[in-house]
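Engineer: Shown below is the structure under consideration.
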Amino acid sequence: MNPPLPPIAETGLRFFGAVTASASHELKNHLAIINENAGLLDDLAQMAGRGRAIDPNRLLKLAADLIAQVRRADATIGAMNRFAHSVDRTIDALDLNALLDLMARLAQRLMAMRKVRLIPPPPQPSVQVHASAYFLMNLIWRVLDATARESEIRMTVESAPDGARIHLDYSDIALDAETVERLGEENSVLSDIVNAESAYDPTNRRLSLTIRNAPSPDTR
Amino acid sequence: MRILLVDDEQELVSALAERLAFRGIQADWVCDAESAIRKVRADHYDVAVLDVRMPGISGIDLKKRLAEENPELRFIFMTGHGSLADFQTGSAEAGSDFYLAKPVKLELLIEKLQTVIGNKKEQK
C-alpha cells in the first residue's frame, strides 16, 4: 500500500485536478459549438446543392461564430499553458496583475456555476512579489472556492512593505466570522508557504491577503 | 415531437435547434433554469435535453423541477465531462435517462429522442 500523501501534496494535486477538469470542460463546450456550427454549414451547403437560396450573410455569421469559438478555445489553452508553467520555478518574481488575470480565467467556469462575476485587476503598473506562483494561485483558488457565491468579486492589488497585498471585494455578500476563521485554519500550510496573512474587513466586505516576499531566486 | 433544449451556451442550443428543425423536429431553446421552468409551465414538450452543469443549478436538480411541472416530460442529458468515470457517475445520478457526451452527434441525439418518445408511448 502506498503511504498517504502529505496534506499539502494532496491539496496541490486537488487544485491541479480542479483546474484541468474545469478547462477541459470549457474546451468540450467550445468544441461542441464548433461541431454544431460546422454541422449547420454542412446542412446549408446541402440545401444550396438542392437549389435552395442561402443568404450569404448567414454564412458569414456562421464563419464569424466559428472563428470566435476557436479564439475562445485558444484563450483557454493559453491559460492552461501559463498554469502548467507556474511550477517551472519554485520562487519567482510574480506580476500580481497578470497572476490574478490568469486566476480569473482559470476560475471562470467555477465562478459561473456559482453565479459569481470575478473581475480581474484593471490595467495598472506591475505590482510584484516573490513567491511560488502555483501555491499562491492554489491559496487564492481555495479562498474563492470557500467564499464565492452569487456576488461580484473585484480583485485588486497594491504594494505593501516587503511584499504586496491582494484585495477581494465582495459586492453582494458578507463573510461571517466562522467562515473567516475556517479560511485561516484550513489554509494555514499554504499561507505559510507563500508567506501570506489574511484579514477581513466586514465593513467594506473586503478580504485581503498580504504576501511577504520570499528570498528572491538570486539571493537564495 | 416537441423538444426543449437547455444549455447556458446559446450558440450551441440555437444551432442544434436549427439543425433539428431542418430534420422536421421542432425544438425550442433556453439558456437558464428559470426560463426552462417557465417554458415547461407554459407549453407542452415531450423531451427536455439538459446540460448536466449550468450556472446555479445542476441538470439533475433541474430535471426534478421540470418533472414537477410536467410529470410526462422525458429527459436526455448532455455533458462536457470527459472521463468514463464522470460519465458513469452522471448516468447513475440521471437514472434511466440517456446521457450524451459533448460534442453530441446529431444522428445519435435524434435516435435517442425517438427511443425516448417510443418508450413514452409504450408506457401509456
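Here, each number is a calculation from the coordinates, and none is a lab measurement. As the structure is a prediction and not an experimental result, all values here were calculated from the model. Glycine gets a Cβ as well: all are built from the backbone with ideal geometry, and neighbour counts include every protein chain shown.
Engineer: Can you pull the mean other chain C-beta count within 10 Å for peptide A:109-115?
Structural biologist: 3
Engineer: Amide H of B:MET54: which non-local residues (sequence gap of 5 or more, or other chain) have their own amide H closer than 5 Å, using H built in the peptide plane?
Structural biologist: B:GLY59
Engineer: Return the distance in nm (one decimal) between the two label points of a simple spin-label model at A:ALA174 and A:VAL70, each offset 7 Å from Cα along Cα→Cβ.
Structural biologist: Going by the 7 Å Cα→Cβ label model, 5.1 nm.
Engineer: Of the peptides A:73-83, B:30-40, how do they stack up when ordered by the mean number of other Cβ atoms within 10 Å, highest first?
Structural biologist: Listed from highest to lowest mean packing, they are B:30-40, A:73-83.
Engineer: Tell me, what HN-Hα J-couplings in whole Hz come from the Karplus equation 6.51 cos²θ - 1.76 cosθ + 1.60 at θ = phi - 60° for each residue of the range B:15-27, using x for Gly and Pro?
Structural biologist: These are the phi-based 3J(HN,Hα) values: 5, 4, 4, 5, 5, 5, 4, 4, 9, x, 10, 7, 10 Hz.
Engineer: Let me ask you something else. Can you tell me the order of A:46-58, A:123-135 when each peptide is scored by its average per-residue count of other Cβ atoms within 10 angstrom, highest first?
Structural biologist: So the order, starting with the most tightly packed, is A:123-135, A:46-58.
Engineer: Take the alpha carbon atoms of the range B:11-54, find their radius of gyration, then divide it by 2.2 N^0.38 Å using N residues; give the quotient.
Structural biologist: Compared with the compact-globule rule of thumb, the range B:11-54 sits at 1.15.
Engineer: Once amide H atoms are built 1.01 Å from N in the peptide plane, which residues 5 or more positions from A:VAL127, or in another chain, come under 5 Å H to H?
Structural biologist: A:LEU96, A:ASN97
Engineer: Report the equivalent ellipsoid semi-axes for the range A:20-103 in whole Å, largest first, defined as the square roots of five times the eigenvalues of the gyration tensor built from alpha carbon atoms.
Structural biologist: 40, 12, 7
Engineer: Give, to the nearest whole percent, the P(r) tail of chain A beyond 28 angstrom, counting all Cα pairs.
Structural biologist: Counting every Cα pair in chain A, those more than 28 Å apart make up 40 percent.
Engineer: For chain A, find the longest principal axis of its Cα atoms and tell me its angle to the long axis of helix A:7-49, 0 to 90°, nearest 10.
Structural biologist: Here the helix axis deviates by roughly 10 degrees.
Engineer: Something else about it: Mind listing the phi-derived Karplus ³J(HN,Hα) values for the range A:196-207, rounded to whole Hz, using 6.51, -1.76 and 1.60 with θ = phi - 60°, and x for any glycine or proline?
Structural biologist: Result, ordered by residue: 10, 10, 10, 8, 10, 10, x, 5, 9, 6, 10, 9 Hz.
Engineer: Right, another one. Obtain the radius of gyration and the Kirkwood radius of the range A:67-131 from its C-alpha atoms and give Rg over Rh.
Structural biologist: Result for the range A:67-131 is an Rg/Rh of 1.01.
Engineer: Let me know the mean shielding of A:38-45 by other chains, meaning the per-residue number of their Cβ atoms within 10 Å of its Cβ. All intermediate terms of the calculation are to be shown ahead of the outcome.
Structural biologist: On the way: counts 2, 9, 7, 1, 1, 7, 3, 0.
Mean partner shielding for this stretch: 4.
Engineer: In sequence order, what are the phi-derived ³J(HN,Hα) couplings for the range A:83-94 according to the Karplus relation 6.51 cos²θ - 1.76 cosθ + 1.60 with θ = phi - 60°, rounded to whole Hz, with x for glycine and proline?
Structural biologist: After applying 6.51 cos²θ - 1.76 cosθ + 1.60, I find 4, 4, 7, 5, 9, 4, 10, 5, 10, 9, 7, 9 Hz.
Engineer: For B:ARG74, which sequence-distant residues (separation of 5 or more, or a different chain) have an amide H within less than 5 Å of its own amide H, given hydrogens modelled in the peptide plane?
Structural biologist: Residues meeting the criterion, in which the H sits 1.01 Å from N, are B:VAL47, B:ALA48.
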